[in-house]
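Notes to accompany the following structure.
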Amino acid sequence: MPGERAARGGATVFRGATVVDGTGAERYRADVRIADGLIVEIAEIAESGEGGGTGGIGGIGGIGKGLGTAEVVDADGLVLAPGFIDMHAHSDLALLREPEHPAKVTQGVTCEVLGQDGLSYAPVDDTTLAALRRQLAGWNGDPDGFDWDWRDVAGYLDRIDRSGVAVNACYLVPHGTLRMLVMGWANRPPTPGELDRMRQVLAKSLLDGAVGMSSGLSYTPGMYADTAELVELCTVVAAYGGFHAPHQRSYGEGALEGYAEMVEIARRSGCALHLTHATMNFGVNRGRAGELLELLDRALADGVDLTLDSYPYLPGSTTLAALLPSWATEGGPAATLARLDDPAQCARIRYEVEEKGSDGCHGVVTDWATIQISGVGSAPLAGTVGRTVAELAVEERRTGTEVFLDLLRRDGLATTILQHVGHEENVRAIMRHRAHTVGSDGLLVGARPHPRAWGTFPRYLGHYSRELGVLALEETIARMTGRPAARLGLDRRGRIAPGHHADLVLLDPGKVRDAATFEDPRLPAEGIEYVYVNGSAVVREGRTTGARPGRALRRTDRGTLAI
């Protein structure tokens, strides 16, 4: 394919593109030439008074002379932007199982950050991996016959490179996985020896190429960690030039306190902070985004290195098991399922989710009308997909908690859900903040996953930028490209400039939009015409090419990325 030819030394020229360069600067017209995977020339086109232009590559009016065998893409009327960076992705297995990765490349994504929410598959031993495969089946599936041929971060990144994938990938060391490897499922502070071991494994993982550490503080076993433990580990991350990306303890009743704790960890450790899927959800937080933004502005004014990401939708997405109180998940999936067969334990769970407010549900009493089944692992349960727990309870003449517990038992904890708990005013306020970037938080498994897995980036461009005017196009693209690249330490990605890697998106600014819906969540975006990764086309004229030019992007011991 022509796009693959560019990666082997050929050239591609985008003729007459409207360049939005990823810095937030005003757009301009230019011809842009790429070769050997890099942007090698940008020739601005000066507009004439008669609608033509002068300049460009090859002479007056643009390209046409001296280009040899270069592929020429007519970009007149289209926007050429840097490739989009998904700061919060859950493609840890999907990228290996379906390496052409249509969910992301059709949105214009050229780089993803994996290892999110404190739970992923490296670093592990055999016992930890077995537990994680079961715990994360709702997020990533647990495919039969899959070759789990790595145990450390270096091995996982090597597997990405060996497999050949469509997009570039960065990896965060998952704190919950790290804790599980060293301490199992113990609900206590680590001993000095255990803490030293966690530090050692974390440091090796960062040397292996991880860009930082994620934490999942409303998931077990990460939620068992106290502030002091996280400060100690973040101090290690800071020493290697990485950042901390927490899924904090609550997005409901204790949301502001949770954010304040994350800022305090950054202050005490000196570690850069990136707040993932920064939201203020549930009824208790309606209209309170301003309080969060004031807290962040104070931290920024005090010198805290802080960024955040969010997705442009109201519902959240997670596993049904995540709603359980933390004590019910102590010891891992097998222990959890055993408790679900104990009537006394189930009565205690019912009290916490229906009356007290489970810490797994962010301290908020669960409203079963907001919990919609999006995917199941067991085929006989397929009829529950798309239904709320409240609807199933009425139909089955049972309580919501009875349906909840029964689904967990019958599906082996593999059920995924949508949580309809967001507020539009909060979403818009947060996306306007100067430290904001974009993350999809999209799960790619299940019969009806959240459409953000296929629609996040075009939804920002179409609905929130073009239709609502919440952010100008240049600012929207900067939040998808240059700013996340800076957080990741990608010095030569995220901008359109000579010498930068040719991760590029060519889109129609009047047509780009998300087509994925809650009813049909796997529809590709519209208006994304071409996508290039490392100089090779992975989308051409709106269709995937099958090219797999992506690679693992690894942090070195000097705190820079080897690219």
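If you go through the stretch 447-467 and keep only what is open to solvent by 30 Å² or more (accessible area, probe 1.4 Å), touching a residue at least 40 places away in the same chain (Cβ under 8 Å) and over 15 Å from ASP309 (Cβ atoms), you end up with ALA447, ARG448, TRP454, HIS463, ARG466. The numbered conditions (1) under 30 Å from GLY377 (Cα atoms); (2) polar (S, T, N, Q); (3) not in a helix (DSSP H, G or I) are all true for THR307 except (1).
With respect to the conditions (1) in contact with a Gly (Cβ under 8 Å, 6 or more places away or on another chain); (2) among the β-branched types (Val, Ile, Thr); (3) at pLDDT 95 or above, THR560 lacks only one, and its number is (3).
Each residue in the stretch 197-219 was checked for being in a helix (DSSP H, G or I) and either open to solvent by less than 10 Å² (accessible area, probe 1.4 Å) or free of Cβ contacts under 8 Å to residues at least 12 places away in the same chain (or both), and 5 of them qualify. Residue count for the stretch 296-315 under the criterion of being surrounded by 18 or more Cβ atoms within 10 Å (Cβ to Cβ) and touching an Asp or Glu at 6+ places or on another chain (Cβ under 8 Å): the result is 1. Within the stretch 472-485, identify whether any single residue is over 28 Å from GLY290 (Cβ atoms) and not polar (S, T, N, Q), and answer yes or no. Checked against the condition, which is being over 28 Å from GLY290 (Cβ atoms) and not polar (S, T, N, Q), the stretch 472-485 yields at least one hit.
Counting only residues that are in a helix (DSSP H, G or I) and open to solvent by 20 Å² or more (accessible area, probe 1.4 Å), the stretch 237-248 holds 2 of them. Restricting the search to helices (runs of 4 or more DSSP H) fully inside the stretch 107-191 and requiring at least 3 residues that are closer than 24 Å to ASP503 by Cβ gives 153-163.
Scanning the stretch 128-137 turns up at least one residue that is more than 21 Å from the chain's Cα centre (by Cα) and among the polar types (S, T, N, Q).
Every condition in (1) crowded, with 21+ Cβ neighbours inside 10 Å; (2) among the hydroxyl-bearing types (Ser, Thr, Tyr); (3) more than 30 Å from THR370 (Cα to Cα) is met by SER269 except one, and the failing one is (1). Among residues of the stretch 274-294 that are outside any loop (DSSP other than H, G, I, E, B), those with a Cβ under 8 angstrom from a residue that is open to solvent by 50 Å² or more (accessible area, probe 1.4 Å), sequence gap 6+ or separate chain, pair up as VAL284/GLU253; ALA289/GLU425.
For residues that are at pLDDT 75 or above and surrounded by 13 or more Cβ atoms within 10 Å (Cβ to Cβ), tally how many sit in the stretch 47-73. Result for the stretch 47-73: 5.
Yes/no matrix, rows are residues, columns are (1) among the β-branched types (Val, Ile, Thr); (2) in contact with a Leu (Cβ under 6 Å, 6 or more places away or on another chain):
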| site | (1), (2) |
| --- | --- |
| SER218 | no, no |
| ALA225 | no, no |
| GLU229 | no, no |
| VAL236 | yes, yes |
| GLY252 | no, no |
| ALA255 | no, no |
| ALA272 | no, no |
| THR279 | yes, no |
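THR476 passes all but one of (1) without any contact (Cβ under 8 Å) to a residue 60 or more places away in the chain; (2) part of a loop (DSSP other than H, G, I, E, B); (3) open to solvent by less than 10 Å² (accessible area, probe 1.4 Å); which number fails? The one condition THR476 does not meet is (2).
With respect to ALA17, is the statement that it is among the aliphatic types (A, V, I, L, M), at pLDDT 95 or above, more than 15 Å from the chain's Cα centre (by Cα) and part of a loop (DSSP other than H, G, I, E, B) true? The answer is no for ALA17. Within the stretch 510-532, being over 17 Å from ILE477 (Cβ atoms) and either out of contact with any strand residue (DSSP E or B) (no Cβ under 8 Å at 6 or more places or on another chain) or buried (at least 24 other Cβ atoms within 10 Å of the Cβ) (or both) holds for ALA516, THR517, GLU519, ASP520, PRO521, ARG522, LEU523, PRO524.
The values are calculated or read from the model by the stated rules, or taken from the named source; none is laboratory data. Because the structure is a prediction, the values reported are computed rather than measured. Glycine also receives a Cβ, built like all others from the backbone with ideal geometry; neighbour counts cover every protein chain displayed. Protein only, heavy atoms only, side chains kept; ligands, DNA and RNA dropped before computing areas. Shrake-Rupley method; radii C 1.70, N 1.55, O 1.52, S 1.80 Å.
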